[in-house]
């Protein structure tokens, strides 16, 4: 329901306290109403219905102005003369608790001319629309606190839309901001509402015209997903792949994670402001993921991506289009690519039908190695919304799928630079957060004759992350002396 007072709820006032945050136990809860000083003004104990659950609500046996909670509760379907299971906002028989007839007045004006306005370009700028609010029935000395809201979010009220009407300002003129989206979304009709306690909501509509933004780039696919690791899942990621031969902007794209438990949105990542290299990769994930390009600010440091059966989907749109709890079937945005995956779970047919009809759900545990492998397209790319090329392999964030990063003991590409009296080593193929040992050999690289020279971690202050798995390491003075004394040594990096 919309906040405020509407005839749809028998003129009862509706207050939204939270989204997906109110839970009642069938064993009985105590509900308390507190005033602004946190003083209890009313308390009631709900009945225990553990052994008599049903789809309907429970209702006071005595309600209305003379209602008495001490008389207990009964089933709403029994108290209702028409056997209704519930009647939010009205008494069991449908009668209003009280009748609110005074309505707020809302008029939308052009900010320049202060004349009524019916359309506005989305790029008109902040404050280009004025909401004029009045309370015709307001009495002298009465202060009316109001709040402005919008349905689509194409026109928004800054500062939460809060304002007031009183004797000093019986008419309020509140600036509204059209939202200039970075993707083409067509002309849309926005509904603006103003609500205040003891008043019916005032409403008005305005047509928000699209300004013809450049088409959003859509020639890319979800290339790899790693949702499960050993212990705390701290290296989860989703990798995108650019199918084009040019660098592309990711403006107007949102990565949406969908929970198979209810098939609802549980996390998003806004890609606007990022770019992806030609035939390149873009990695969205946690901070410890190698080659990560975007760490969403509101993702937790671990267990951010559900193990399955769940889905990752790439949509055109804005983050606000995908609120937490939104059912996948209610999403109307353009779907660019998606994959439904699991870790040896049953298929989620609803997710498959909504996202990739006719395609297969991909099991990250296909090789019985769910904690050490990812699902990935091999080779990179392929057709969007087709999952036949997915397989499981060692994770390869930011590099070609079907290949593996160097093993712990493998030789890596290492070169040296001598700026002044310093020695800088450039190493490629390292993993973030790992400790490495530098070893040397004087006989052409025979493994048995490698001797340790020093060690470092990729997080040390003398190590600079150059991106793409490349690191610059400032070597110690002792290394320079060793290098001068043994100019033909061969060096390698390994885990100590």
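Couple of notes before you dig in:
- Among the residues of the stretch 321-332, those that are under 18 Å from residue 179 (Cβ atoms) and surrounded by fewer than 17 Cβ atoms within 10 Å (Cβ to Cβ) comprise 323, 332.
- Among the residues listed as 274, 249, 287, 344, the single one being without any contact (Cβ under 8 Å) to a residue 24 or more places away in the chain and surrounded by fewer than 19 Cβ atoms within 10 Å (Cβ to Cβ): 287
One line per residue, one yes/no per condition, for (1) outside any strand (DSSP E or B); (2) under 30 Å from residue 61 (Cβ atoms):
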{"position": "94", "(1), (2)": "yes, yes"}
{"position": "137", "(1), (2)": "yes, no"}
{"position": "142", "(1), (2)": "yes, no"}
{"position": "148", "(1), (2)": "no, no"}
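- Of all residues making up the stretch 351-388, the number that are surrounded by 16 or more Cβ atoms within 10 Å (Cβ to Cβ) and either not in a loop (DSSP other than H, G, I, E, B) or not assigned by TED's automatic domain parsing to the domain that holds residue 327 (or both): 10
- Only one of the listed residues (319, 339, 283) is closer than 27 Å to residue 470 by Cα and touching a strand residue (DSSP E or B) at 6+ places or on another chain (Cβ under 7 Å). That residue is 283.
- Residue 260 buried (at least 17 other Cβ atoms within 10 Å of the Cβ) and more than 30 Å from residue 457 (Cα to Cα): yes
- For the residues 21, 64, the requirement of being modelled with pLDDT under 80, out of contact with any helix residue (DSSP H, G or I) (no Cβ under 6 Å at 6 or more places or on another chain) and under 30 Å from residue 148 (Cβ atoms) singles out 21.
- Condition check for residue 401 on (1) crowded, with 16+ Cβ neighbours inside 10 Å; (2) in the same structural domain as residue 290 (by TED's automatic domain parsing): one failure, at (2).
- The stretch 182-212 - residue that is under 27 Å from the mean Cα position of the chain (by Cα) and part of a strand (DSSP E or B) and, of those, modelled with the lowest pLDDT: 188
- Number of residues in the stretch 137-158 that are touching a helix residue (DSSP H, G or I) at 6+ places or on another chain (Cβ under 8 Å), surrounded by fewer than 18 Cβ atoms within 10 Å (Cβ to Cβ) and either closer than 14 Å to residue 122 by Cα or without any contact (Cβ under 8 Å) to a residue 60 or more places away in the chain (or both): the value is 1.
- Residue satisfying condition, being surrounded by fewer than 16 Cβ atoms within 10 Å (Cβ to Cβ), in contact (Cβ under 8 Å) with a residue 24 or more places away in the chain and more than 39 Å from the chain's Cα centre (by Cα), within set 88, 96: 96
- Considering only residues in the stretch 159-181 that are assigned to a strand (DSSP E or B) and without any contact (Cβ under 8 Å) to a residue 24 or more places away in the chain, the one that is surrounded by the most Cβ atoms within 10 Å (Cβ to Cβ) turns out to be 164.
- Evaluating residue 215 against the criteria (1) outside any strand (DSSP E or B); (2) assigned by TED's automatic domain parsing to the domain that holds residue 370; (3) over 20 Å from the mean Cα position of the chain (by Cα); (4) in contact (Cβ under 8 Å) with a residue 24 or more places away in the chain leaves one unmet condition, (2).
- Scanning the stretch 219-242 for residues that are surrounded by fewer than 17 Cβ atoms within 10 Å (Cβ to Cβ) and either within 19 Å of residue 311 (Cα to Cα) or free of Cβ contacts under 8 Å to residues at least 60 places away in the same chain (or both) yields a total of 2.
- The requirement of being out of contact with any helix residue (DSSP H, G or I) (no Cβ under 9 Å at 6 or more places or on another chain) and assigned to a helix (DSSP H, G or I) is satisfied by residue 320.
The values are calculated or read from the model by the stated rules, or taken from the named source; none is laboratory data. Quantities reported herein were computed from a predicted structural model and do not represent experimental measurements. Reconstructed Cβ throughout: ideal geometry from the backbone, glycine too, with neighbour counts over all protein chains shown.
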